[in-house]
Amino acid sequence: MQIIIYDDAQQVAINAANWVQNLIKEKAKPVLGLATGSTPIRLYQELVAQHKAGHCSFANVTSFNLDEYHQIDEQNPQSYRSFMQENLFDHVDIDKANTFLPTCSQGQNPREQGLAYEDKIKQASGVDLQILGIGANGHIGFNEPTSSLTSRTRIKTLTQQTLADNSRLFTDDEIQPTMAMTMGIATIMDARYVLLMATGKNKAQAVKDMITGAVSASCPASMLQMHENAVILLDKEAASMLDDHRYYQWADKQNKKLNEKLGFYHNF
Ligand code: PGA
């Protein structure tokens, strides 16, 4: 895992946006894995700003989101489709026909929908760069603790902690969904690169478990220890429980020197 610690959340977003822009520039048909939640909002703002400044085009991008609430209407302002439109898709030149979320509407079979989503990702030649946040309980996507480390896109019941963490986003008259379709951990592991962002003190324990804990279904993000190209972007607060803080910062400096000599190369 490449662990990079920045001063604040804005630096995390700017550097995550660099990764996305590099992918878009390097590949003729880039495939992005996208995430929702509070953490990636700054990244999307940065990408929109870069696009508006003429620095990047999403015209050839295909995207696959990590998750979507079960049986939610896509017009519902709480759907992750609405979130993506509002935070990214409506402000860049992406072809919305090439943007996918793992949906399962009323009357559809979640098992079939999960398999169909996996097929769609394969048809697009797989995800090049998967953006991830992390839950305070160590989840990635909606792969809650105890999720199989070899899971594929399927329906999951959200934990009480996740429901409590996300309740801030719902008003009293809105019904908070308790189930969601989510890419599985194996689906995420198939991405050529994963870029996980974590900011704020409430993520510090999950970050510690992910990086220095045992690989375990109790902390689904710990499976990223087994990923060949996992990049973890943290602010100081999210990194505050890591013992090897200074080593990561030193290693990052060394990597930067190497990149200056060899160029910023990634085998997307
Ligand atoms: P957050 O969620 O960015 O809203 O903290 C992260 C996640 O649950 O993956």
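We did not get these values from a lab; they are worked out from the coordinates using the rules stated. Here the structure is a predicted model, which is why all the values come from computation and not from measurement. Quick reminder, even Gly has a Cβ in these numbers, built from the backbone with ideal geometry, and neighbours come from all protein chains shown.
D by Stokes-Einstein for the chain, Kirkwood Rh over Cα pairs, 20 °C, 1.002 mPa s: 114 µm²/s. Proximity of backbone amide H atoms, modeled 1.01 Å from N, is registered between Lys27 and no other residue at under 5 Å, excluding neighbours fewer than 5 places apart on the same chain. Each Cα pair of region 147-268 feeds into the Kirkwood radius, which the Stokes-Einstein equation turns, at 25 °C and 0.890 mPa s, into a diffusion coefficient of 147 µm²/s.
At q = 0.20, 0.22, 0.25, 0.26 Å⁻¹, what base-10 log of I(q)/I(0) does the Debye formula yield for region 220-268 when every alpha carbon is treated as an equal point scatterer in vacuo? With one equal scatterer per Cα and no solvent, log10 I(q)/I(0) is -0.92, -1.05, -1.15, -1.16.
Model label sites at Met1 and Ser57, defined 7 Å from Cα along the beta-carbon direction, differ in position by 3.8 nm.
With an 8 Å Cα cut-off and a minimum separation of 6 or more residues, compute the relative contact order for the chain in percent.
25 percent
How many percent of all Cα-Cα pairs in region 1-105 sit more than 17 Å apart? So the pairs more than 17 Å apart make up 54 percent of the total in region 1-105. In terms of Cα to Cα distance under 23 Å, which lysines are near enough to Lys261, apart from those fewer than 8 places away along the same chain? Leaving aside lysines fewer than 8 places away in the same chain, those within reach of Lys261 are Lys25, Lys27, Lys253.
With a Förster radius of 35 Å applied to the beta-carbon distance between Leu115 and Glu260, the computed FRET efficiency rounds to 0.20. Legend: helices of the chain (whole DSSP H runs) are marked when their alpha-carbon atoms reach 24 angstrom or more along the helix axis and their mean Kyte-Doolittle hydropathy is at least -0.5; marked are 9-26. For Ile3, the amide hydrogen comes within under 5 Å of the amide hydrogens of Ile232, counting only partners 5 or more places away or on other chains and with H modelled in the peptide plane. Take the Kirkwood radius over Cα pairs of region 117-210, plug it into Stokes-Einstein at 25 °C and 0.890 mPa s, and you get 170 µm²/s for translational diffusion.
Subtracting the Cα-Cα distance of Phe268 and Leu149 from 0.36 nm times their residue separation leaves 40.5 nm of extension gain. 3J(HN,Hα) couplings calculated from phi for region 88-101 with the Karplus curve 6.51 cos²θ - 1.76 cosθ + 1.60 (θ = phi - 60°) are, in sequence order, 9, 4, 6, 10, 10, 8, 5, 7, 4, 5, 9, 10, 10, 10 Hz; Gly and Pro show x. One equal scatterer on each Cα of region 61-137, no solvent, Debye formula: the resulting log10 I(q)/I(0) at q = 0.11, 0.23, 0.25, 0.28 Å⁻¹ is -0.30, -1.27, -1.37, -1.42. The packing ranking, built from the mean of other Cβ atoms within 10 Å per residue, places the peptides 161-173, 190-202 in the order 190-202, 161-173, highest first. Only Cα sites of region 100-158 enter the Debye sum here, all with the same form factor; the resulting log10 I(q)/I(0) across q = 0.13, 0.14, 0.24 1/Å is -0.39, -0.45, -1.18, listed in q order.
Counting charges near Leu101 (Lys, Arg +1; Asp, Glu -1) among other residues having Cβ under 13 Å from its Cβ returns a value of -1.
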